[in-house]
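First up is the structure itself, then whatever we jot down about it.
The values are calculated or read from the model by the stated rules, or taken from the named source; none is laboratory data. What you see is a predicted model, and the numbers here were worked out from it, not measured in a lab. Glycine also receives a Cβ, built like all others from the backbone with ideal geometry; neighbour counts cover every protein chain displayed.
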Ligand SMILES: Cc1ncc(C[n+]2csc(CCOP(=O)(O)OP(=O)(O)O)c2C)c(N)n1
Ligand SMILES: Cc1ncc(C[n+]2csc(CCOP(=O)(O)OP(=O)(O)O)c2C)c(N)n1
Ligand SMILES: [Mg+2]
Ligand SMILES: [Mg+2]
């Protein structure tokens, strides 16, 4: 949309900010974005939050088994989403990235189908909720083991380098992931190979209950980029536009053959780690409240309103539209019905092994494989 | 021996040097060491080199199956050895550390017994050569998988911290090891826990054939300390005294509760990776020659001679003494004879499993378990 | 005697052992203030403090590896891996360091430590929160592997594991964490020796051999068989490495028919080991083939969470096969 | 037809596949200029350059994990792990990422890749340069596992592995790397299908089932038996996951006596899987128990390097047992 931007110095101590909590533009450069582009980001922020709320409701209703709320992470995710070209570039997200998946174009109905694991799920009900994936979008299917997707992300980036088309990979993870050996092995390989990959850490200060200072002796995650010979950037993760600009710079550098970068966005998860967690055991309520006041949605709304790009009427219309969209998607996904028992045997290998064929036949002799699972 | 020294700034670009190639004292502080202490270091350097040569001979004679020559690493190893208290502190070395093991007091006969795997080996012939270990010296038995000893080293340091006696752990590894995930997981844990451990990298520029620039995008290993919130030091690894001073500073910091450090010594291996390697395939002969001119032994000798602490007569006497020591040790180790077949079944668990007892009995019915192995 | 669940028993047993021996320390992800995601370490942090209840970074290699180094230095670490499925980033530390330390050092160094693995399916967790990786560990000489199924055995085996001199992989049937309650003796020295199986139920028509989470399905199958007038003997192996093959062989020899039940994928499973041993040692005494009822050779599915498990229906089917043989 | 060793065949087959399909890339430690520590990638770097023959940092998780991501992007990576013993730091990438990718994505993503593992003992390498970790992989649905024993099969199976659509663990008998030479067809499409065993020698008195490095001991045992007038049928499984149980069952049914030979530690070994399957499917046709001849339940020893291996003497002993039964 606009020309190259190499505005941000790596390792600058203060996180990059573009709009402040009051919605004021505070970047060292002038507002230079298309109004519709920013409104679109706002829409994605709100849409993600509504989905998040709906999933909690569905979980309480027993229709979804697990929720990892992304509330508080949307700014980082919607910001970075705008910095890549979905379907061209590759995306290796983690389980708290539903807002990101939606923002790069994952259809809401698919997203809900994955959460509910009905026949409407293109992934055939194979995984627990919060595990997006889409071949059409080059969105690598999330796996639960933390950081295990980071080495594959680097492999894809190396393949992109060999292909020489200027494509890049964006790989996200939480602060907790940075402690894993695989994370290191991957970033180190990326640095050695100059692979076109942007590592994006959504640092919400906790790996479940473990605060960052118990995870690492380093002051933050961006610092760790030194170890791999790549630039590290700090960004206010509650500022979607800042996240957009910083990620874009890193993506452009990767496209230009300048190798990998590490971006660290300071975010917060408002809710517990998941529906199974009780965050009151390990963090104070006022910490949560303080972060909520920095909410990326309110901030963006104030920015838009300040420029005359948004008002209550627009907000009401958006709310109605999103509710209708969600209602329809949930209805359609539920209507698809549960996946059949027999699907459990598919997709292990390109064609099933002799052993699995026998096992399937044995079960088929006892049960109807077309019957709904569970 | 002398008071605390906090002389060296972390992350200083130029590697610390104390004596130069000509044997001149070039440290920013005056010579302050006991002459016998330095002569003792020189003796250890030469002794290590003689052992190295002897092992190559034994390998060519078919009496030792494997040699990983340490020639070129002795300065770093003998230097660091003097910075800890053997038997009090713990040592987690790697396979190229025979000079280090000798310098902390591993008896030469044990060292040779481990290489030859005869009955004289306290480790009962269990491992291939170049795998030292000694309970008496708190010298953790080397395991072949690169970097796999680094997490255990940190565990020991955490235990030392809990014990509160001011003991420390010294853990060594090559440059190649720094790419492994376990290395990262360990340093990160050490940083988070403030564990009293000194990580010492013997960076010889290669992991077998892979030059450092293909191993990592970072400029060097010391830089990586940033990622863990610990100080990183660069030191001339061909300068045994420099290695001593820097390691001592790091050890003292650990004793004082200031947490871990990472020391990087720039060394070189003169020989191939092992007797199975052919280094001409991947590195130029003049590179080897250039490093040989910086040899830690010649340098130390020139230093001693310059101070009137050494002369040709002393050198000749030392040579004769070391040859006699080596001859006697090899003779005794050979005389002990091969380990028996049945030892293979011992030391799996504190007491053998039912399964293993049956397996042992079955073999005993076919073969005499007292017969020599192989 | 207190009536308690499995997960309560884990926490209380750890507390007893920590009180008894100050060398016992606990480490892992979220084991501190949080008390573990399953609350298996609840209360320990408040009672024993951050030096003995260590919240680690998110790195299983660091957890298991540090436990090795702590054990070498004289501590008795009990490491929690949050889910058994996440042991794999720390697998090398377990199989290359912990398991081989005593052997490679000729007995100079040992690693008396416990690695707790909440394991098993039926919890709507998909393939990365449901696995039973015991087959990897039984194939790793130098480890001990236990997989109890009752609060009593959890107490007795955890104590044996903590007090023993070897690295123990301590698998816990997480689907039964709160499903089973029973009286557990207060005796602080209630020990169950590693390597001993137990006959849960005597019977004459068929022997069912199982362990861990699958014991609950196996016992339900035995109930159903009893209703049909079929008397099933049920053996709970409890220990997998070493395992009590003598007890199994003795019972199988008497009854002549055996079904082995285990939740892990079939090929290369521990059930195969049991069946192979029976076939090799007791062939002539078998009236029917040793039949395995196991998980399928697929990753653990999500939507078919329950169907994947060898439930009573599949066990009954197998029993019918060996009875009709 | 060229007469070539196993290790030469690996290098030449890789060269052929790289020439045929530019998506094929090789990565690993020292695979570039050095040509691999065994020279299994010799010549590839000079011919195909650093983009397609990638020297990686010393990190097996990076090697296997990067291979997954390359495969996902359309390449056909062939990763070398320097020794099979060093696969464990990359184990999680293999079992959690590669093996489960097709399944967890409902077929949207696949990882067609090969992980080469030089395996096996008898090379004076001690416990970290000698292991046979196949049991871990056969227990991991989503992988294919092959372990050929001849230059011909190495060529045919490596081509099938490279051209297939699944992650393949390709084990290589490193003790035989230079020990066996044979004529290998020049045919660039010489394929051996994954999953098919082969009868190496026909016989009536006993069936010997083996694979990989142990084939050489097994064939020597068969020679020795022939001298004693005992005719042994020898089956080389070649593929372990999936494995050709139909062929094995058919032959065992005909002969009634079987010995399974494998070098890995006994408990939980693939030999146990074969024996269990035979017992379960062919009990009535057995004249003697299915006997396993395996490595011992110890870490791989150094000084007893040869004694640990199931050599011809131990195989003969087992054959005697099943013949005398
Ligand atoms: C290898 C592995 N170990 C443990 C877990 C269990 N676990 C799930 S999420 C989580 C914390 C992750 O924290 P972070 O990376 O900061 O992401 P956040 O949830 O804060 O967004 C843990 C320990 C896991 N999924 N994978
Ligand atoms: C986990 C693991 N992978 C591979 C190897 C094979 N290997 C042995 S030494 C070595 C290179 C080590 O290089 P470095 O750490 O720099 O030590 P140096 O030999 O240079 O002293 C490799 C790859 C191993 N021992 N362990
Ligand atoms: Mg976090
Ligand atoms: Mg090196």
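Observations, loosely collected:
- Segment D:221-243 residues that are more than 14 Å from chain A (Cβ to nearest Cβ), paired with ones that are in a loop (DSSP other than H, G, I, E, B) and surrounded by fewer than 16 Cβ atoms within 10 Å (Cβ to Cβ) (beta carbon under 6 Å, 6 or more apart): D:231/D:204; D:233/D:202
- Condition check for residue B:141: touching a helix residue (DSSP H, G or I) at 6+ places or on another chain (Cβ under 6 Å), closer than 30 Å to residue B:61 by Cβ and more than 10 Å from chain C (Cβ to nearest Cβ): no
- In summary, helices (runs of 4 or more DSSP H) completely within segment B:149-215 and bearing 3 or more residues that are more than 14 Å from chain C (Cβ to nearest Cβ) occur at B:212-215.
- Screening residue A:285 against (1) free of Cβ contacts under 8 Å to residues at least 12 places away in the same chain; (2) within 11 Å of another protein chain (Cβ to nearest Cβ) leaves a single unmet condition, (2).
- One residue from C:268, C:311 being within 25 Å of residue A:338 (Cα to Cα) and in contact (Cβ under 8 Å) with a residue 60 or more places away in the chain: C:311
- For segment A:100-125, taking the residues that are in a loop (DSSP other than H, G, I, E, B) and either under 19 Å from residue A:274 (Cβ atoms) or within 14 Å of the chain's Cα centre (by Cα) (or both), the one that is nearest to the other protein chains (Cβ to nearest Cβ) is identified as A:117.
- Within segment A:126-141, the set of residues being assigned to a loop (DSSP other than H, G, I, E, B), buried (at least 24 other Cβ atoms within 10 Å of the Cβ) and without any contact (Cβ under 8 Å) to a residue 60 or more places away in the chain comprises A:127, A:131, A:132, A:133, A:140, A:141.
- When residues in segment C:26-81 are screened for being more than 16 Å from ligand 1 (Cβ to nearest atom), over 24 Å from the mean Cα position of the chain (by Cα) and part of a loop (DSSP other than H, G, I, E, B), 6 of them pass.
- Within segment B:216-272, the residues that satisfy the criterion of being within 16 Å of ligand 2 (Cβ to nearest atom) and within 14 Å of chain A (Cβ to nearest Cβ) are B:216, B:218, B:220, B:221, B:222, B:224, B:262, B:264.
- Checking segment B:183-193 against the condition returns no match, with no residue being more than 16 Å from ligand 1 (Cβ to nearest atom), out of contact with any helix residue (DSSP H, G or I) (no Cβ under 7 Å at 6 or more places or on another chain) and assigned by TED's automatic domain parsing to the domain that holds residue B:292.
- If you check C:284, C:246 for being in a helix (DSSP H, G or I), surrounded by fewer than 24 Cβ atoms within 10 Å (Cβ to Cβ) and within 14 Å of chain B (Cβ to nearest Cβ), only one passes: C:246.
- Qualifying residue in segment C:93-102 (condition: more than 8 Å from every other protein chain (Cβ to nearest Cβ) and out of contact with any helix residue (DSSP H, G or I) (no Cβ under 7 Å at 6 or more places or on another chain)): no
- A count restricted to segment C:92-119 and to residues that are within 16 Å of ligand 1 (Cβ to nearest atom) and under 17 Å from the mean Cα position of the chain (by Cα) stands at 6.
- Number of positions in segment D:112-158 that are more than 14 Å from chain C (Cβ to nearest Cβ), closer than 24 Å to residue D:298 by Cα and surrounded by fewer than 24 Cβ atoms within 10 Å (Cβ to Cβ): 3
Each row is one residue, and each column tells you yes or no for (1) buried (at least 24 other Cβ atoms within 10 Å of the Cβ); (2) within 16 Å of ligand 3 (Cβ to nearest atom).
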residue: A:147; (1), (2): yes, yes
residue: A:157; (1), (2): yes, no
residue: A:166; (1), (2): no, no
residue: A:176; (1), (2): yes, yes
residue: A:210; (1), (2): yes, yes
residue: A:213; (1), (2): no, yes
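- Residues of segment B:337-348 satisfying the condition of being within 14 Å of chain C (Cβ to nearest Cβ) and either closer than 30 Å to residue B:53 by Cβ or at pLDDT below 95 (or both): B:339
- Output for segment B:349-361, where each listed residue is more than 8 Å from chain C (Cβ to nearest Cβ) and either touching a helix residue (DSSP H, G or I) at 6+ places or on another chain (Cβ under 8 Å) or surrounded by 14 or more Cβ atoms within 10 Å (Cβ to Cβ) (or both): B:352, B:357, B:358, B:359, B:360
- Only listed residue being away from chain A (no Cβ under 14 Å) and touching a strand residue (DSSP E or B) at 6+ places or on another chain (Cβ under 8 Å), chosen from D:17, D:29: D:17
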